[in-house]
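See below for the structure under consideration.
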Amino acid sequence: MQWIEIALIGAGVGFLGGLFGKGGSAVATPLLFLAGVPAISAVASPLPATIPGTLVAADAYRRAGLIDRRTVLWSCASGLPATIVGALSTKWIDASALVVATEVILIAIGVRLLLSPSQAGSDGGGGEVETAERWRLVVVGALVGLAAGLLANSGGFLLAPLYLGLARLTIKPALAASLAVSAVLAVPGTVVHAFLGHIEWSVTLVLAAASVPASRFGATVAIRTESERLERLYGAALAVLGTVLLLLR
């Protein structure tokens, strides 16, 4: 039964990841713990499992012409070293304040998107991708990299909201870039946790096998959804997620 539960978690997280442009490791961790996976394995095992699913979902966006390589490259250029700095900083920095700030940011961006999706409609499938200024992408990558290092995840839960709010991308390019960058930022954490022996590879394999097809399906649904509707749905999801996380403290 535990392996069935893990497979269902992988499928659910994969679908939501493809739909909302995130890796899903932060969501998978508490669910795996509830399914009986030891705490440290529940934290570490989803990281490598999210990589193939996010890449498959990102490829769906690429085929629709919605991934801008410059967005991904500039985000990774600042995000990768920032991830390492964040991981090293856990010795001195209490991440709890960062978690609260992140939840507040999610609520604020979610409410804004829900009430006024003004950018919707400009990024339809196969349309021209709007590229942000480089410095905005560097800032987004650095912020998410630091958060990923401090919180031991790929940072995908924060990428798309910052692309929307700070880098001023439109909804579908933001989700597309978030998926691609999340896959890259998951690599340093995977290497560290693998070296420390925290990853239960059997759990990783089951999660990945279930999440890959579900991730592509989620991305396909998002690409085919009208932009304004998708932006409102995404805004509602962010607002609910941030509120629930705050209330559970």
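Listed values, structure above:
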quantity	calculated
Lone unmet requirement of (1) part of a helix (DSSP H, G or I); (2) modelled with pLDDT under 85; (3) surrounded by fewer than 24 Cβ atoms within 10 Å (Cβ to Cβ); (4) out of contact with any Leu (no Cβ under 8 Å at 6 or more places or on another chain) for Ala60	(2)
Qualifying positions in segment 176-195 - touching a helix residue (DSSP H, G or I) at 6+ places or on another chain (Cβ under 8 Å) and either without any contact (Cβ under 8 Å) to a residue 40 or more places away in the chain or of a type in the set (S, T, N, Q) (or both)	Ser178, Ser182, Thr190
Number of the condition not met by Ser41 [criteria: (1) over 18 Å from Leu137 (Cα atoms); (2) part of a loop (DSSP other than H, G, I, E, B)]	(2)
Tally, over segment 77-94, of residues that are surrounded by fewer than 21 Cβ atoms within 10 Å (Cβ to Cβ), among the hydrophobic types (A, V, I, L, M, F, W, C) and either part of a helix (DSSP H, G or I) or at pLDDT 90 or above (or both)	6
Selected residue (criterion: farthest from Tyr234 (Cα to Cα)) from residues of segment 1-48 that are free of Cβ contacts under 8 Å to residues at least 12 places away in the same chain and of a type in the set (A, V, I, L, M)	Met1
Complete set of residues in segment 197-214 that are polar (S, T, N, Q) and in contact with a Leu (Cβ under 9 Å, 6 or more places away or on another chain)	Thr204
Options Ala97, Ala180, Ala194, Ala176: the member that is surrounded by fewer than 16 Cβ atoms within 10 Å (Cβ to Cβ), modelled with pLDDT of 85 or more and either touching an Asp or Glu at 6+ places or on another chain (Cβ under 6 Å) or not aromatic (Phe, Trp, Tyr) (or both)	Ala194
Only listed residue being in contact with a Gly (Cβ under 7 Å, 6 or more places away or on another chain), surrounded by fewer than 24 Cβ atoms within 10 Å (Cβ to Cβ) and not in a helix (DSSP H, G or I), chosen from Gly36, Gly65	Gly65
Extreme residue, surrounded by the most Cβ atoms within 10 Å (Cβ to Cβ), among residues of segment 197-229 that are of a type in the set (Val, Ile, Thr) and assigned to a helix (DSSP H, G or I)	Val203
Where a residue in segment 202-215 is over 17 Å from Ala60 (Cβ atoms) and its partner, wherever it lies, is outside any helix (DSSP H, G or I), with Cβ under 8 Å and at least six apart	Val203/Val37; Val203/Ser45; Thr204/Ser45; Leu207/Ser45
Residue under evaluation Gly21, criteria (1) modelled with pLDDT under 80; (2) within 17 Å of the chain's Cα centre (by Cα); (3) over 24 Å from Ala194 (Cβ atoms); (4) buried (at least 24 other Cβ atoms within 10 Å of the Cβ), criterion not met	(1)
Among residues of segment 218-234, those that are modelled with pLDDT of 85 or more, closer than 21 Å to Ala26 by Cα and touching a helix residue (DSSP H, G or I) at 6+ places or on another chain (Cβ under 7 Å), counted	3
Ile51 vs. criteria in a loop (DSSP other than H, G, I, E, B), in contact (Cβ under 8 Å) with a residue 40 or more places away in the chain and surrounded by 18 or more Cβ atoms within 10 Å (Cβ to Cβ)	no
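Conditions tested, residue by residue: (1) out of contact with any Pro (no Cβ under 7 Å at 6 or more places or on another chain); (2) farther than 16 Å from Pro48 by Cβ; (3) in a loop (DSSP other than H, G, I, E, B).
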site	(1), (2), (3)
Leu143	yes, yes, no
Leu159	yes, yes, no
Leu162	yes, yes, no
Ala167	yes, yes, yes
Val191	yes, no, no
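The values are calculated or read from the model by the stated rules, or taken from the named source; none is laboratory data. In this text, all values refer to a predicted model and were calculated from it rather than measured experimentally. Every residue, glycine as well, gets a Cβ built from its backbone with ideal geometry; the counts of neighbours run over all protein chains shown.
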